[in-house]
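Here's the structure, in structure tokens; my notes come after.
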Amino acid sequence: MGIPLSYIIRNLWTRRLTTALTAGGLALVVFVFATVLMLDAGLKRTLVTTGEFDNVVVIRKGSETEIQSGIARDQARVVETHAAVAIGGDGQPLASKETVVLISLLRRGDSRPSNVVIRGTSPMGIALRPQVQIRTGRAFRPGTSEIIVGSSIAERFDAAALGGRLHFAQREWTVVGVFDAQGSGFDSEVWGDVEQLMQSFRRTGYSSMVVRLASSDVFERFRADIDADPRLANESKREQTFYSDQSKALSTFINVLGLTLSIIFSIGAMIGAMITMYASVANRVGEIGTLRALGFRRRAVLSAFLVEAMLLGLVGGAAGLALASLMQYASFSTMNFQTFADLSFQFILTPAVAVQALVFALVMGLVGGFLPAIRASRLNIVEALRAM
Amino acid sequence: MFVLKLIARNALRHKLRTGLTILGLLVAVTAYGLLQTVVDAWYAGAQAASSTRLITRNSISLVFPLPLNYEARIRSIEGVTAVARSNWFGGIYQNPKNFFAQFAVSPNYLDLYPEFVLPEAQRQAWLRDRKGCLIGRQLADVYGFKVGDVLPLRGTIFPGTWEFVVRGIFEGSDETKITRQMMFHWDYLNETLRKSAKQRVDQVGIYIVGVQTTEGAPSVARAIDATFRNSLAETLTESEQAFQLGFVAMSNEIIAAIRIVSYVVIAIILAVMANTMAMSARERVAEYATLKALGFPPRFIAMLVFGESAVICAIGGGVAIAAMPYVAAGFKHFAGEYFPVFEVSTLTLALQAACATMVAVAAAIVPAVSAARTRIVQGLRAIG
């Protein structure tokens, strides 16, 4: 028979200060752990939602990002006339030829410039990304120096607010609209007319192309044809794969750094739990003796103390998670090492993150409470009763 | 003397608890020190920058090049001693994970970087070999490159597979110099492009400009930018340090996060330490009452609690600080790939000491006050 749970809970309640301090230490570790996982989840979601499943990105072979890539005009024509590319209502292929470069802009409240992606595109390019919706203002008109900016650019860069003017490549560019791309990577981009931008940047070729497939299952054929065509030196990837590949380096970095920190910090918190549990055992030697004399087995005592430690961990874990959930209101922006451009993303609390954080807290409690619980279960009945 | 003895005995009463607390402090103070050093490592490039070097780049952003003919025009500006070319190559060695910097540079590049020490024979060998390249010591150690090795790189910005022959390995003049990079001939890059991609010929990524004096540097920078104002490729010239700090600034939210987290570990250990002190004080209520009954003032009781906290923190913090150089060396061995420069600064050690002191004081405040306020009668009545 087991020792009732209410006894265990009351033990924690009786020593409130100690319980709070120990759980507080555990909560801080869980907070760091959960925040790291949330950051990674946010980064992944941002870059995965950037792509449409049936869109395919074509870049130059060997280049990892759009910035490094280049596609000549004649190559672009070959790609867009491929049979796998969907045809729009007006008979034109659903393909957008784009130029992607970086410009440096000053962040609000920062004296150092950040690299921002500027994408030269066309009305077709906007149509190919249904998640991009103009929130305020209007779309740029082709053939003009008008640009539109993603919502997180508009928030973080003073010059890029609606009606603002940016000066680069010997021209003034007017911000005529702010678009919302539903938290995807496009929110961290500036868009303008591809021909105007290419002319200003004195580029003769495009950077990349995005095409809509006529149907999902023709991708493999399209990819193989592009790969094999001797006129082209290009490769193609599904838009979703293309963008999620760009999260790899940053995601690995966040994970390695964050998890190493969590593990080191957890040592501190587990030591805290261990001290608390040892004291809890030492204060209750007489009680343990009584329990044993009443007929509770060693195993029952062991599990009672383990449950107490895990409850302690759970309290800490819940508090840490609650703290971490507040981070959902914050956003994070940093340079993506792979694209060299500024990317902003949110902390996202997914059920998986919550479960992982709570399990982590329970494990910390369990490890911290293990040795003290063993000691409690090994106490000799007679000696323990004498301690009263 | 008597007081010290009493404090020491108190601290050693629960050997296990004291030992665990010291261990926790050790871990926390070490973690704090490592995090501070990681942040320092981020700034290593900017720290190592010379004040007599300027960087001129395209004002739009780094992805836009400058024309080759700017070199002669920059050299003719008053106060300029030398101009070197550098292009970011961005090649991949075997796997994208094996990231290191590669620059296509002009032959005079090394003259501007006296901190890179290269034997004269190797330098001559490099200058004679068009496909030759130079490798920094840190990079050579990571991949085991030797002089004479062939180093293939898959170009991302410049398509194709490029092969280079290692002709020299340069050393940093001291530990703080980053030598995790590779350099090869700019002419090799340019002439290959002449065959494959004519429109990309004669373009320079950045110019490194040597100036006579540190004081003259800002006016030289202004003069360079004024020369190319309203041209097709306007320039932005800044000190090497500002240029490097620009890279650091792009990931400053990560750095800020690391800084915040380094204080979280102190908060964690503060909770542990406060818990230990609270437990000790609670167990000794009867003793404190006895001491008071014997005539010791409350100040004395409070001092006992503070003293015990200070002893534990001094041991934990002291050992952590003493071991820091060894821990950092071990960490560098383990993660040197990411942090080519990983030096523990004196400031970090001082901050570690300050944190340990802060924890010692903060953890003891509440128990000390409540112990000092213990009423004799109630305290004597309390049991263990």
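Here is how the numbers come out for the structure above:
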{"quantity": "Qualifying positions in the stretch B:229-244 - assigned to a helix (DSSP H, G or I) and of a type outside the set (Asp, Glu)", "calculated": "B:241, B:242, B:243, B:244"}
{"quantity": "Residue count for the stretch A:13-41, restricted to those that are away from chain B (no Cβ under 14 Å) and surrounded by fewer than 17 Cβ atoms within 10 Å (Cβ to Cβ)", "calculated": "1"}
{"quantity": "Residue A:151 vs. criteria farther than 23 Å from residue B:233 by Cβ and within 14 Å of another protein chain (Cβ to nearest Cβ)", "calculated": "no"}
{"quantity": "Flag if residue B:55 is more than 30 Å from residue B:264 (Cβ to Cβ) and of a type outside the set (Ser, Thr, Tyr)", "calculated": "yes"}
{"quantity": "Test: residue in the stretch B:245-264 that is crowded, with 22+ Cβ neighbours inside 10 Å, assigned to a helix (DSSP H, G or I), at the interface with chain A (Cβ under 7 Å from one of its Cβ atoms) and in contact (Cβ under 8 Å) with a residue 60 or more places away in the chain", "calculated": "yes"}
{"quantity": "Check on residue A:282, within 14 Å of chain B (Cβ to nearest Cβ), more than 30 Å from residue A:153 (Cα to Cα), part of a helix (DSSP H, G or I) and modelled with pLDDT of 95 or more", "calculated": "no"}
{"quantity": "Subset of the stretch B:54-64 (residues that are over 23 Å from residue B:212 (Cα atoms) and either among the hydroxyl-bearing types (Ser, Thr, Tyr) or surrounded by fewer than 18 Cβ atoms within 10 Å (Cβ to Cβ) (or both))", "calculated": "B:59, B:61"}
{"quantity": "Qualifying positions in the stretch B:291-328 - of a type in the set (Phe, Trp, Tyr) and in contact with a helix residue (DSSP H, G or I) (Cβ under 6 Å, 6 or more places away or on another chain)", "calculated": "B:306"}
{"quantity": "Residues satisfying the stated conditions in the stretch A:222-247, i.e. touching a residue at least 60 places away in the same chain (Cβ under 8 Å) and of a type in the set (A, V, I, L, M)", "calculated": "A:226, A:232, A:233"}
{"quantity": "Scan of the stretch B:265-288 for residues that are of a type in the set (Lys, Arg) and in a helix (DSSP H, G or I), ordered by number", "calculated": "B:282"}
{"quantity": "Candidates A:76, A:84, A:72, filtered to the one that is within 15 Å of residue A:238 (Cβ to Cβ), surrounded by fewer than 23 Cβ atoms within 10 Å (Cβ to Cβ) and of a type in the set (Gly, Ala, Ser)", "calculated": "A:84"}
{"quantity": "Selected residue [under 30 Å from residue B:249 (Cβ atoms), buried (at least 22 other Cβ atoms within 10 Å of the Cβ) and either out of contact with any Asp or Glu (no Cβ under 7 Å at 6 or more places or on another chain) or modelled with pLDDT of 95 or more (or both)] from A:324, A:357, A:361, A:309", "calculated": "A:324"}
{"quantity": "Among residues of the stretch B:294-350, those that are assigned to a loop (DSSP other than H, G, I, E, B) and closer than 23 Å to residue B:277 by Cα, counted", "calculated": "2"}
{"quantity": "Pick from the stretch B:193-216, criterion more than 29 Å from the chain's Cα centre (by Cα) and part of a loop (DSSP other than H, G, I, E, B), ranking: farthest from residue B:54 (Cα to Cα)", "calculated": "B:197"}
{"quantity": "Any hit, the stretch A:256-276, residues being closer than 30 Å to residue A:68 by Cβ and either of a type in the set (Val, Ile, Thr) or buried (at least 24 other Cβ atoms within 10 Å of the Cβ) (or both)", "calculated": "yes"}
{"quantity": "Residue B:356 in contact (Cβ under 8 Å) with a residue 40 or more places away in the chain, out of contact with any Ser or Thr (no Cβ under 7 Å at 6 or more places or on another chain), at negative phi and surrounded by fewer than 21 Cβ atoms within 10 Å (Cβ to Cβ)", "calculated": "no"}
{"quantity": "Some residue of the stretch A:132-139 being farther than 27 Å from residue A:245 by Cα, touching a residue at least 12 places away in the same chain (Cβ under 8 Å) and touching a Pro at 6+ places or on another chain (Cβ under 6 Å)", "calculated": "no"}
{"quantity": "Candidate set from the stretch A:294-322 (those that are more than 30 Å from residue B:25 (Cα to Cα) and touching a helix residue (DSSP H, G or I) at 6+ places or on another chain (Cβ under 6 Å)); member that is farthest from the other protein chains (Cβ to nearest Cβ)", "calculated": "A:298"}
{"quantity": "Number of positions in the stretch A:247-270 that are within 24 Å of residue B:159 (Cα to Cα), within 11 Å of another protein chain (Cβ to nearest Cβ) and of a type outside the set (Lys, Arg)", "calculated": "1"}
{"quantity": "Sole exception among (1) modelled with pLDDT under 90; (2) in contact with a Phe, Trp or Tyr (Cβ under 6 Å, 6 or more places away or on another chain); (3) away from chain B (no Cβ under 13 Å) for residue A:76, by number", "calculated": "(1)"}
{"quantity": "Strands (runs of 3 or more DSSP E) wholly inside the stretch A:92-144 that include at least 2 residues being small (Gly, Ala, Ser) and within 14 Å of chain B (Cβ to nearest Cβ)", "calculated": "A:113-121"}
{"quantity": "Options A:60, A:10; residue that is among the basic types (Lys, Arg), farther than 29 Å from residue A:331 by Cβ and within 14 Å of chain B (Cβ to nearest Cβ)", "calculated": "A:60"}
{"quantity": "Candidate set: the stretch B:42-90, residues that are among the small types (Gly, Ala, Ser) and within 13 Å of residue B:244 (Cβ to Cβ); chosen: the one nearest to the other protein chains (Cβ to nearest Cβ)", "calculated": "B:46"}
{"quantity": "Verdict on residue B:175 being closer than 23 Å to residue B:44 by Cα and surrounded by 16 or more Cβ atoms within 10 Å (Cβ to Cβ)", "calculated": "no"}
{"quantity": "Any hit, the stretch B:187-204, residues being surrounded by 16 or more Cβ atoms within 10 Å (Cβ to Cβ), in contact with a Gly (Cβ under 9 Å, 6 or more places away or on another chain) and within 14 Å of chain A (Cβ to nearest Cβ)", "calculated": "no"}
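Conditions (1) modelled with pLDDT of 85 or more; (2) under 30 Å from residue B:309 (Cα atoms), marked per residue:
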{"residue": "B:4", "(1), (2)": "yes, yes"}
{"residue": "B:10", "(1), (2)": "yes, yes"}
{"residue": "B:16", "(1), (2)": "yes, yes"}
{"residue": "B:20", "(1), (2)": "yes, yes"}
{"residue": "B:27", "(1), (2)": "yes, yes"}
{"residue": "B:45", "(1), (2)": "no, no"}
{"residue": "B:52", "(1), (2)": "yes, no"}
{"residue": "B:57", "(1), (2)": "yes, no"}
{"residue": "B:61", "(1), (2)": "yes, no"}
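Residue-by-condition table, conditions (1) at pLDDT below 90; (2) of a type in the set (Ser, Thr, Tyr); (3) outside the structural domain of residue A:331 (by TED's automatic domain parsing):
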residue	(1), (2), (3)
A:12	yes, no, no
A:17	yes, no, no
A:22	no, yes, no
A:25	no, no, no
A:31	no, no, no
A:34	no, no, no
A:37	no, no, no
A:43	no, no, no
A:54	no, no, yes
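The values are calculated or read from the model by the stated rules, or taken from the named source; none is laboratory data. Note that the coordinates shown come from a computational prediction; the quantities given were computed from them, not determined experimentally. Quick reminder, even Gly has a Cβ in these numbers, built from the backbone with ideal geometry, and neighbours come from all protein chains shown.
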